[in-house]
Each structure stands twice: as C-alpha cells, then as structure tokens.
Amino acid sequence: MPVSIIEKLVAKRRAFLVRALAAGLFAAGGLWSDNRFASAQVLGRVPKPLAKGQSIYDVTGPVMVNGKLITRDARIGPNDTVETGKGARAIFVVGSDAFLLRADSRLEMKGSDTFVNVLRLITGALLSVFGKGPRYVATTTSTIGIRGTGLYVEAEPDLTYVCTCYGETDIAAADDPTVIETIVSIHHDAPRYVLAKPEKGRRIVPAFFKNHIDLGLILIETLVGRTAPFWLFYESYGSPRRY
C-alpha cells in the first residue's frame, strides 16, 4: 500500500525530533535554560505516545507525588500534587494533557477520571500542552483559562510569567477577574507578566519570550499522540524562533 502524505509527514517529524535529541539540543539550552537539567536517559529514548497505564516519560532528581518520592514506574492522576526538588524534573502525562515540570516546583491538580480541570502552580515553572476542553491554571497572581493550548508559566510570589505558545488563553488577575486579557497566539506571540501590584496602572504587561523552546513542546505533544502546530518550520533547529 502506498505511503500517504500524512504518514510521510509523521515519519519526518519523528525523525527530526530523534535527530534533535541525539544532537543534544535538550542540553544546549533546549528543554530548559540550564544544561544541568539534561538527562542521558531522555536523550537516549525515541519519543512516542506513552503506553496505556503509563504516566511518566522521565523523572530526574527528587520528584514527589503526594509527598512520596517516585520513579518512572509511578502513576500520576488528575488529583495529585507533584513536587520537584533542586535539580529535578518531571515529564508526565495525565489523560490528554502533557507536562514538563521544572526544578523547585509544586503543582496541584484537581479533576475527575483522567481529566484535569484545574492546575495550581504554587511555585516554579511548567510547560504544558492540553487536549480538548476548558482548563484553568492558577498561580498566586493569575488565573489562566485555556482552550487547546500550549502554555508556559513561571510562578513567583509577586508576579507570574505567562507565554501562550499557541492557542487561546484568557489571562486574569487572581484577585480581580475584571482585569483580564484574551491572547490568541500562533507562535509565542504575546508573553505577559501578571503583577501582584499595578505598574503604571496596569496589572498585565508585555514580557519577553524566555526560558522555553519549541523542542520541549514538540516532545510533550508527541507523548499524547499529537503534533505541535509549528513543527514543519523546524527541519533545521538551532534556537527559539518565531516567524
């Protein structure tokens, strides 16, 4: 049977991602802005959708779920709390959503069955991709409504960094839902800071693109059997780009 165009594109995408992993792009400022987070175990495995019943693609360093240290064989559900220690990382899937949780982070999830409705990032940084249906991500200073979105969030006590990598979000101040901005993004088009206190009368202000790249999004979309919407632009990838 002839190979379809879609099958050729999927094979091309996977071949590119494998080459990128083999070249060490995850280490060279790739998944993270700090190459200490590179993992030989991650670089040595071909990314593909996780098997049924499998939650974790990779854990590095001390990672706890509901207060207990875990390994790659653990399960993560929609009502669990995931914490990463110093120098740690967790790459995992819950239902149709996939996540990369950076070091020194705490993520609390609420949902039902295999569906996460609400995620609260208490501290740290989270790269995530979501399936169909509404979700909400909360931090100390913001509430983010998301729809079929790639999202990167960094949570600090007095501000939140939000990059709508692609898709649509409603970004609001946590203590005043009337302070809100809707972002429609194709490719990291409108990063924002959400401030605890107004700056020149504004709580939501423009920010620079920082601390994440497309290779991480491509990886976690692959873990749930999807394709990041920009991957065809990256036959030769060297650094974060926008078109």
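Data for the structure
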| quantity | calculated |
| --- | --- |
| Long-range neighbours under 9 Å by Cβ, at least six apart or interchain, first residue under 19 Å from residue 126 (Cβ atoms) and assigned to a strand (DSSP E or B) within the range 165-189, second among the polar types (S, T, N, Q) and open to solvent by 70 Å² or more (accessible area, probe 1.4 Å) | 168/182; 169/182; 170/182; 171/182; 172/178 |
| Hits in the range 127-160 - residues which are of a type outside the set (Val, Ile, Thr) and within 13 Å of the chain's Cα centre (by Cα) | 127, 128, 130, 131, 148, 150, 151, 152, 154 |
| Hits in the range 101-158 (condition: at pLDDT below 95 and among the polar types (S, T, N, Q)) | 112, 114, 149 |
| Hey, residue 93 within 15 Å of residue 222 (Cα to Cα), aliphatic (A, V, I, L, M) and under 17 Å from the mean Cα position of the chain (by Cα) or not | yes |
| Search result, residues across the range 155-177 that are of a type in the set (Val, Ile, Thr) and open to solvent by 40 Å² or more (accessible area, probe 1.4 Å) | none |
| Members of the range 105-148 found to be open to solvent by 60 Å² or more (accessible area, probe 1.4 Å), assigned to a strand (DSSP E or B) and either among the charged types (D, E, K, R) or touching a residue at least 60 places away in the same chain (Cβ under 8 Å) (or both), listed by number | 106, 110, 120, 147 |
| Of all residues making up the range 216-240, the number that are at pLDDT below 75 and assigned to a loop (DSSP other than H, G, I, E, B) | 7 |
| Residue check for residue 181: charged (D, E, K, R), over 23 Å from residue 47 (Cβ atoms) and open to solvent by less than 60 Å² (accessible area, probe 1.4 Å) | yes |
| Any chance residue 71 is β-branched (Val, Ile, Thr) and either surrounded by fewer than 18 Cβ atoms within 10 Å (Cβ to Cβ) or modelled with pLDDT under 95 (or both) | yes |
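The values are calculated or read from the model by the stated rules, or taken from the named source; none is laboratory data. Keep in mind that this is a model prediction, so the values were computed, not measured. Counting neighbours? That spans all protein chains shown, and the Cβs are built from the backbone with ideal geometry, glycine included. Just so you know, the surface numbers come from the protein's heavy atoms only, side chains and all, with ligands and any DNA or RNA stripped out. Shrake-Rupley method; radii C 1.70, N 1.55, O 1.52, S 1.80 Å.
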